[in-house]
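The values are calculated or read from the model by the stated rules, or taken from the named source; none is laboratory data. Computed from a prediction, not measured in an experiment: that's the story for all the values here. Positions of Cβ are generated from backbone atoms using ideal geometry, with glycine treated the same way; all protein chains shown enter the neighbour counts.
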């Protein structure tokens, strides 16, 4: 007899709860987000010139030409540092939400074995997902053109994201020192991959809209050109804030799918 299909998590309830929890725990969000925000800001400072140089290079020479020496390396380092900062924020917020205040003390700089395991595993999962998506897109690029190729690329991206979300309980379990195997994580997330992926996407939308509106407004009044460093800090704040909400989605989903051992 087949196992009963697990109850799917309500998407909009998951997103609403994520924002409500951040608002209720805003003091702790500020406390745990301080250091990751500064790290992310430092990464943007490091890579801002390289990113502008790369953009100018693409506009003038095209995508197929190699950029100036050192530009790609600096951009990759910026992405890596920013990713570590976001993952550190997520790991400590997961511990705070699932283990209580003693699970994440201090100002977000705690880096023990659980946080380190979460950061490393998250980066590996992101890297593998990128490779798998790129390989899967190769036959699409060869066989399809125009709009069909675009549709194929979107379908592959969605599939890769859903698979990664199905494995997300493995990452959360590392953060709270309640390890699961990949097989156990896959089984626990059965029936909820699409709903959690959609919740993560919807939780990100307000930050995309807010960041674009704010940067557009500040650019229109001349603030962006007058204070570019301040603009980088605003971007860092938006990125870390979105990481907190994403972590809330993952925490609620983990509690529903796996639960916390007491």
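Summary of values
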read-out	value
Members of the range 5-37 found to be surrounded by fewer than 17 Cβ atoms within 10 Å (Cβ to Cβ) and either assigned to a helix (DSSP H, G or I) or under 17 Å from the mean Cα position of the chain (by Cα) (or both), listed by number	12, 13, 16, 17, 19, 20, 23, 24, 26, 27, 30, 34
Some residue of the range 183-192 being within 13 Å of the chain's Cα centre (by Cα) and buried (at least 17 other Cβ atoms within 10 Å of the Cβ)	no
Criterion (within 23 Å of residue 39 (Cα to Cα), crowded, with 17+ Cβ neighbours inside 10 Å, within 23 Å of the chain's Cα centre (by Cα) and at pLDDT 90 or above) met by exactly one of 171, 180	171
Verdict on residue 136 being modelled with pLDDT under 90, surrounded by 14 or more Cβ atoms within 10 Å (Cβ to Cβ), over 15 Å from the mean Cα position of the chain (by Cα) and over 24 Å from residue 36 (Cα atoms)	yes
Search result, residues across the range 88-110 that are touching a helix residue (DSSP H, G or I) at 6+ places or on another chain (Cβ under 7 Å) and without any contact (Cβ under 8 Å) to a residue 40 or more places away in the chain	110
Residue list for the range 217-233, restricted to those being part of a helix (DSSP H, G or I) and touching a helix residue (DSSP H, G or I) at 6+ places or on another chain (Cβ under 9 Å)	217, 218, 219, 223, 224, 225, 228, 229, 230, 231, 232, 233
Selection status of residue 236, crowded, with 21+ Cβ neighbours inside 10 Å, in contact (Cβ under 8 Å) with a residue 12 or more places away in the chain and part of a helix (DSSP H, G or I)	yes
The range 241-261, subset touching a residue at least 12 places away in the same chain (Cβ under 8 Å) and not in a helix (DSSP H, G or I), residue farthest from residue 172 (Cα to Cα)	261
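Residue by residue, here is whether (1) over 19 Å from residue 36 (Cβ atoms); (2) at pLDDT 90 or above holds:
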{"residue": "90", "(1), (2)": "no, yes"}
{"residue": "97", "(1), (2)": "no, yes"}
{"residue": "143", "(1), (2)": "yes, no"}
{"residue": "151", "(1), (2)": "yes, no"}
{"residue": "157", "(1), (2)": "yes, yes"}
{"residue": "160", "(1), (2)": "yes, yes"}
{"residue": "163", "(1), (2)": "yes, yes"}
{"residue": "185", "(1), (2)": "yes, yes"}
{"residue": "193", "(1), (2)": "yes, yes"}
